[in-house]
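Asker: I am attaching a structure below and will ask some questions about it afterwards.
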Amino acid sequence: MSIDNELRIAVLPGDGIGQEITSPCLDLLTDLAARLGSFSFKFESLPAGAGLYRETGTALPDATLRAAEKADAILLAAMGLPDVRYPDGREIAPQLDLRETFQLFAGVRPVRTFPGLPLPLADPRAASLDFVLIRESTEGLFAGRGKTVVDDDKSATDQLVITRVASERLFDFAFDLARRRKTRGREGRVTCVDKANVLGAFAFFRGIFEERAKRHPDVLADCAYVDAVALNMIRSPWQFDVLVTENMFGDILSDAGAALMGGMGMAPSADIGESHAVFQPCHGTAPDIAGSGKANPTAMFLSAAMMLDWLAARYAAEACAEAATLLEDAVHAAYAAGGLRPYEMGGASGLEEITAHVRAQLDI
C-alpha cells in the first residue's frame, strides 16, 4: 500500500471508559492527518469485549477478526468487566486472543516520565526516565491460558513454554529497538530479564539471548534476574534502557513501570508482530468511573502516537513519523505547561480538559 492512500485502522473501543477515550483520540488523528496533508485515515469501529460477550456469548467475533486482519493497524481502547467472566472464572480478554491469532510477539511498554506531575520517586533522576520493557506476548506462562490441568481438586498445573523461534525473534526485535534508541541519544543496551538460576526454561531463554547478542555487537547486552530488576525499578530505574523478558514477568514489571510514570492512565503500549500490530493503553476499563468524565485519555493518545511511528516504519512514511512526534511531544508539553493532574493522581483533570490541553499544544 502507498502512504498516498488512506490508512485503514481497525478500532476496538471495547468496554467501560474504552468507549469514552476512543472518540477524542480518533479526532486528534484525523486532524493531525489533515494538518500534514500527506495521508488520511479510514476508521472502522469493530465490536468486541466483555459487554458483547454478555449479550451474545462471543467476545471476539470472526467478522471482527477478519476486519482487523485486513487493516493497516489495530487501535484498541480497553476490554473486560470485572463481573463478566468465562465459565472457568477467567476474565474476558480479547486482546490476548488478538496477540495469539496474529502472533504479536513483542509487547512494547515504554516508560517515560512526565514533567509537571507528581512522581512516586523523590530522586530528581526519576523525573526524566526513558526506558522500554519488551515482553514476549505469545507464550511463556501465558501459554497455559485456558489449558489448566486440575487434579481432582488437589492441584492445578499450568505449563510454561519457551521456544527458540519465539525467543530469537523477540531478542532481535529488542536489539533493533535499542539500536534505534541509540541514534536518539540513549545508551543502546538490552538487558535480558529471567530467572535462569532457578528454572531450566529460563536458562534456555538466557542462552538464546546470549547467542543472539553476538549477532548485534554494536549493542550492549547483559542479563539480570527478575527479582533484582524489580528491586532496581524502584531503587534506580534510570539505569535501564531496553529490558526484554518472558510474558508473565513482563506483565508484572510493566505495571511497575506504569507506576513510575504516575499510573496506568499514563502508560501506552504496542503488541507487534511480523505483519500486524495492536496499540492500546495499558489501563483497564475502569467501570467505576465510566460516564463520569474522569477518564484519563493520555495513554490512549500516546498509544496512537506509537501506532503512527509503527506505520511510518512500515511504509517508510515521513509524514506519519512527523505526526507521531507531534502527538507525543504535545502530550508531554501539555503536562509540562502545568495545571493538569488526572483524577488518579489526586487531581481533577478529566477527559475533556486533558484533551483540550493536548489540542492546544498541537494548535488544531
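The values are calculated or read from the model by the stated rules, or taken from the named source; none is laboratory data. No experiment lies behind these values; they were computed from the predicted model shown. Cβ sites come from the backbone with ideal geometry, for glycine too, and all protein chains shown count toward neighbours.
Asker: If you scan segment 146-157, which residues turn out to be outside any strand (DSSP E or B) and either surrounded by 14 or more Cβ atoms within 10 Å (Cβ to Cβ) or out of contact with any Phe, Trp or Tyr (no Cβ under 9 Å at 6 or more places or on another chain) (or both)?
Answerer: First, pick out the residues of segment 146-157 that are outside any strand (DSSP E or B): 146-148, 152-154.
Result: Lys147, Thr148, Asp152, Asp153, Lys154.
Asker: Among the numbered conditions (1) over 20 Å from Arg112 (Cβ atoms); (2) surrounded by fewer than 18 Cβ atoms within 10 Å (Cβ to Cβ), tell me where Gly350 comes up short.
Answerer: All conditions are met except number (2).
Asker: Answer yes or no: is there a residue in segment 303-320 that is part of a helix (DSSP H, G or I), of a type in the set (Ser, Thr, Tyr) and out of contact with any strand residue (DSSP E or B) (no Cβ under 6 Å at 6 or more places or on another chain).
Answerer: Yes, some residue in segment 303-320 is part of a helix (DSSP H, G or I), of a type in the set (Ser, Thr, Tyr) and out of contact with any strand residue (DSSP E or B) (no Cβ under 6 Å at 6 or more places or on another chain).
Asker: A further question follows. For residues in segment 225-250 being touching a Gly at 6+ places or on another chain (Cβ under 8 Å) and among the charged types (D, E, K, R), which is farthest from Ile208 (Cα to Cα)?
Answerer: The residue in question is Asp241.
Asker: Also, I was wondering about something else. Looking only at segment 276-292, which residues are part of a loop (DSSP other than H, G, I, E, B) and either outside the structural domain of Gly350 (by TED's automatic domain parsing) or in contact (Cβ under 8 Å) with a residue 60 or more places away in the chain (or both)?
Answerer: His276, Gln280, Pro281, Cys282, His283, Gly284, Thr285, Ala286, Pro287, Ile289, Ala290, Gly291
Asker: Can I ask one more? Would you please name the residue that is nearest to the chain's Cα centre (by Cα), looking only at residues in segment 300-324 that are of a type in the set (Phe, Trp, Tyr) and over 16 Å from Thr22 (Cβ atoms)?
Answerer: Top of the filtered list is Trp310.
Asker: In segment 169-199, what residues are within 18 Å of Asn247 (Cβ to Cβ) and assigned to a helix (DSSP H, G or I)?
Answerer: Matches in segment 169-199: Arg169, Leu170, Phe171, Asp172, Phe173, Ala174, Leu177.
Asker: Can you say whether Ala71 is buried (at least 22 other Cβ atoms within 10 Å of the Cβ), in contact with a His (Cβ under 9 Å, 6 or more places away or on another chain) and of a type in the set (Gly, Ala, Ser), as far as the supplied structure shows?
Answerer: So Ala71 fails the test.
Asker: Here are some residues: Val161, Val108, Val150. Which one is over 21 Å from the mean Cα position of the chain (by Cα), modelled with pLDDT of 95 or more and under 30 Å from Gly200 (Cβ atoms)?
Answerer: Val161
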